Amino acid sequence: MKKIALIVPALMLVMAGCSKHEEAGKGSTQVVAKVNGNEITVHQLNFALSKAGKIDQAQLKPASEKVLQQMVDIELLKQKAIDAKLDRDPNVLQVLEATKQQILAQAYMQKVSAKQAAPSSDDIKKFYDTHPELFSERNVYVIQEFVVKDGNQHSSEIEAGISAAKTADDLGKWLKDNNYVFNANASRKAAEQLPLDLLKKLNTLKTGDTLIVKGPDALVLLFLAKVDRQPVDVEKAKPVIQQYLVNSGQQTLIKNEVAALRKEAKVEFYGDFSKLTLNNSEAAVPGATAPTAAKPELPVASPAAEPATEPTHNKAIEKGLSGL
């Protein structure tokens, strides 16, 4: 039954319409296929097509035919499942009910978030002005990263030892001479690609400085090899800021709504959870997708390619920096 849990949510929206219930009796419904007497309507086909993403007009007919063929297969499988009484199977019913709950919660969240108004020009300008590190004073950083295994226990010794390092080579040499196990990587990161806390710390450094960060499993040394100033003007930043503010506002609306619902609800816990109390500070809808409001990602003024002499990007630093 684990396989059912994986495929049912993906197919449920299409399967829900592949029958001859409410739509069959409406005069406006156009039938595009019948499968053993069960109708598939043009409305159901259009809905399935809408889930396939943007389709070019020239590809619409072949795409429609392909989707319709898939809907026929799904209807046939659904009919056989009902014949086998799988629609009464407890595991299947559990998956269907969980999927229904998820869809309804998502629909209500979308209804709540739709109340969010578009930000004004003043709101956008204020955000731009209060975040110069992302816009007017935006930098692109060349960072050389040293991940020192078991370095957290010796952070004071390492900090003192590398204080005289002028280059990344000096830093690596000191670590090697003192028998530290480490990995070295390099990357070029724009301001919006860095965690905000890390960005604020980097902005206090000058080229040649090293930032020391204690990670969960290792000590991370970030050597600032180069800084390029690449500002973004307010007009180019406007659509990004606007979307960010909308998403942020929607998140707040949803969080407040869930908090209010928790406050008004009578929630009781039983069995092993009988001592659990409702934590109103953790207002969220598990598994439901709320609009994200991560730091704005700029589609403009992206980092230019570096000459071959510059450090090349290494995927390892993605993991290293994201963990910070």
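Read-outs throughout are calculated quantities, based only on the coordinates presented, and are distinct from any laboratory measurement. Just so we're clear, the structure is a prediction, and the values are computed from it rather than from any experiment. FYI the Cβ positions are ideal-geometry reconstructions off the backbone, even for glycines, and counts take in every protein chain you see.
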So between E159 and K126, what do we pick up on full extension, going 0.36 nm a residue minus the alpha carbon distance?
-> 8.0 nm
In terms of the Cα gyration tensor, with a ≥ b ≥ c the square roots of its eigenvalues, is the range 67-198 rounded because a/c is under 1.5, prolate because a/b exceeds b/c, or oblate?
-> oblate
Each label point is 7 Å from the Cα along the Cα-to-Cβ direction; what then is the distance between the points at K54 and T207, in nm?
-> 4.0 nm
Those trypsin sites (Lys or Arg not before Pro) from the range 134-171 that are DSSP loop and have at most 13 other Cβ neighbours within 10 Å turn out to be K166
For the table K111/K236; K51/K111; K115/K238, the rows whose alpha-carbon distance is greater than 23 Å are K111/K236
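Which of K263, K78 comes first, and how do the rest follow, when ranked by fewest Cβ neighbours within 10 Å? Display every interim value, and only then the final one.
Numbers: K263 10, K78 20.
With the fewest neighbours first, K263, K78 line up as K263, K78.
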Using θ = phi - 60° and Karplus 6.51 cos²θ - 1.76 cosθ + 1.60, couplings along the range 44-57 (whole Hz; Gly, Pro as x) | 5, 5, 4, 5, 5, 5, 5, 7, 8, x, 5, 10, 5, 4
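Give the shape of the range 234-282 as rounded, prolate or oblate, defined through the alpha-carbon gyration tensor: a ≥ b ≥ c are the square roots of its eigenvalues, a/c under 1.5 means rounded, and otherwise the shape is prolate if a/b is larger than b/c and oblate if not. Don't skip to the end; give the middle numbers.
Values: a/c = 6.67, a/b = 3.72, b/c = 1.79.
Taking the square roots of the gyration eigenvalues as a ≥ b ≥ c, the range 234-282 is prolate.
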Hey, rough spin-label estimate for K226 and K255, points 7 angstrom out along Cα→Cβ, what's it come to in nanometres?
-> 3.9 nm
